[in-house]
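Take a look at the structure below.
The values are calculated or read from the model by the stated rules, or taken from the named source; none is laboratory data. Quick caveat, the model's predicted, so the values are computed rather than measured. Cβ: placed from backbone, ideal geometry, glycine included. Neighbour counts: every protein chain shown. Calculation scope for accessible area: heavy atoms of the full protein, side chains included, ligands and nucleic acids excluded. Shrake-Rupley method; radii C 1.70, N 1.55, O 1.52, S 1.80 Å.
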Amino acid sequence: MSAALALRIRGADWLDVASGETAPRDLLVDDGTLCHDDGREAVTVDAAGLTAMFGLWDCHSHPGGLMYDNAGVGFFEGLADRTIRAGENFAGAVAAGVTGVRCLDEADELDLAWGRAYAAGTSLGPRVTGAGRALRTTAGHGTCYPRHYTGMNMELVCDGPDAMAKAVRRQLERGAQWIKVMLTGGLYSPHETCDGGQFTVAELDAVMEVANLRGIPVAAHCGGAEVAIAFSERGGRSVEHGYLLNEEAAAVMAANGTWLVPTVGVTHDQEYIEAEQWPKHAAERSREVMPGHAEALKMCIAAGVRIAVGADLNPIGERLHRELEMMERAGMDRRSVLHAASVGGRQLNGFGGASAPVPGAAADLILTEENPMESLSTLRSPRLVVSHGRPAAGALATGHAH
């Protein structure tokens with residue numbers, strides 16, 4: 001298919017995830033966006049009998065990560081090894097219908113490099129937004145002392161407001177679309193709790209002042225209610241995990257437009273945690289906070305907090321689909337899950353909140369055999385995946401020109 005030729009998708013039933021209803025729609029994609037069909041020459045795909053919708057987003061990803069890495073492999077590899085693994089992960093994700101990935105902490109900004117390549121069309125993959133390296137304090141979330149990475153640079157370790165301000169500017173200089181901060185502890189280290197704060201007020205103020213001044217959104221690893229409130233009141237864009245949020249935090253987040261990316265699988269998917277042999281402290285802590293994690297999600301839904309989906313686990317495609325199942329298990333209804341996983345991710349990342357295929361919308365689409373409202377599993381094997389307006393995966397990724 002010529003890069004300059006448009007793509008016409010005929011006969012699909014469009015799933016509007018705002019209502020849960022489907023309606024027949026012909027779609028025209030040109031120059032990366034949906035367009036009015038004016039009869040222009042295009043590669044045409046017959047999508048009769050298929051369901052079309054906006055593609056899925058994983059809004060909390062570490063594409064090169066090995067999670068707990070019990071064997072310690074990742075600590076001694078070079079950046080090239082991690083970059084290749086991330087690229088393979090992205091390729092698997094787009095094949096599984098994940099057309100957007102937000103990366104929140106990666107080595108040496110490799111996520112930003114992949115994002116540029118996919119946007120340019122030099123490689124086929126998902127739309128990637130990224131933070132590059134996250135910001136944490138000494139002894140903050142993400143540390144695994146005495147282990148450390150020998151061949152690459154991970155989080156930016158900052159102490160004091162001046163260092164925090166400089167780190168935000170550093171990431172801006174490298175092209176980051178997000179700033180990621182580790183505001184509380186979590187599951188990772190034995191020396192932390194899920195809701196214990198790790199930034200001083202002055203450090204948080206410094207981050208948010210610079211980020212707000214420059215117009216870059218901030219995502220926070222944040223498990224506790226008090227810290228989430230402080231972050232939201234300063235303009236924080238998204239709370240990640242939200243393990244132990246309460247009604248007050250949910251109300252403040254809703255009022256300020258702060259999103260929640262709950263990553264429920266890291267507490268609810270106990271089968272996975274056991275199979276992956278998580279360290280004892282992490283496995284036990286995940287079980288302890290699981291009920292509170294589910295309640296926090298329900299309180300945020302009730303308060304009107306906007307929700308997007310992120311798995312925080314690899315491989316991206318497989319784990320995102322599992323995350324959708326976990327979100328239902330935690331209490332979200334099917335339509336809300338699908339909205340959070342598609343339109344929610346688009347809106348959080350600045351690609352609009354329309355649930356209908358309106359002209360001008362970024363053309364990141366999937367076509368499935370069945371209606372996802374009736375079968376979540378159909379999302380795992382899409383017939384066509386369109387990313388950046390280009391057919392990227394699926395049996396219908398090539399068609400016939402008319």
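A few points about this structure:
- Here is the figure for segment 252-280: residues that are touching a residue at least 60 places away in the same chain (Cβ under 8 Å), within 23 Å of the chain's Cα centre (by Cα) and in a loop (DSSP other than H, G, I, E, B) total 5.
- Filter result for the condition that a residue is part of a loop (DSSP other than H, G, I, E, B), open to solvent by less than 30 Å² (accessible area, probe 1.4 Å) and not aromatic (Phe, Trp, Tyr), over Ala294, Ala249, Ala311, Ala283: Ala311
- Lone qualifier among Thr200, Thr193, Thr184 - being in contact with a Gly (Cβ under 6 Å, 6 or more places away or on another chain) and open to solvent by 10 Å² or more (accessible area, probe 1.4 Å): Thr193
- The number of residues in segment 285-321 that are without any contact (Cβ under 8 Å) to a residue 40 or more places away in the chain, among the charged types (D, E, K, R) and more than 18 Å from Glu248 (Cβ to Cβ) comes to 2.
- Any hit, segment 72-88, residues being out of contact with any Pro (no Cβ under 7 Å at 6 or more places or on another chain), surrounded by 15 or more Cβ atoms within 10 Å (Cβ to Cβ), of a type in the set (A, V, I, L, M, F, W, C) and at pLDDT below 95: yes
- Selected residue [closer than 23 Å to Leu104 by Cβ, at pLDDT 95 or above, in contact with an Asp or Glu (Cβ under 7 Å, 6 or more places away or on another chain) and among the β-branched types (Val, Ile, Thr)] from Val305, Val239, Val309, Val289: Val309
- Scanning segment 229-245 for residues that are open to solvent by less than 10 Å² (accessible area, probe 1.4 Å), over 17 Å from Ala134 (Cβ atoms) and hydrophobic (A, V, I, L, M, F, W, C) turns up just one, Leu245.
- Only residues that are over 19 Å from Phe351 (Cα atoms) and outside any helix (DSSP H, G or I) were counted across segment 90-123, and they come to 5.
- Residue selection: Leu66 fails the criterion of being surrounded by 15 or more Cβ atoms within 10 Å (Cβ to Cβ) and part of a strand (DSSP E or B).
- The residues listed here are Gly97, Gly87; of these, the one that is closer than 19 Å to Tyr118 by Cβ and without any contact (Cβ under 8 Å) to a residue 60 or more places away in the chain is Gly87.
- When segment 205-220 is filtered for residues that are over 14 Å from Thr258 (Cβ atoms) and either buried (at least 19 other Cβ atoms within 10 Å of the Cβ) or of a type in the set (Lys, Arg) (or both), the ones remaining, listed by number, are Ala206, Val207, Val210, Arg214.
- Strands (runs of 3 or more DSSP E) wholly inside segment 1-57 containing at least 2 residues that are under 28 Å from the mean Cα position of the chain (by Cα): 6-16, 21-30, 33-35, 51-54
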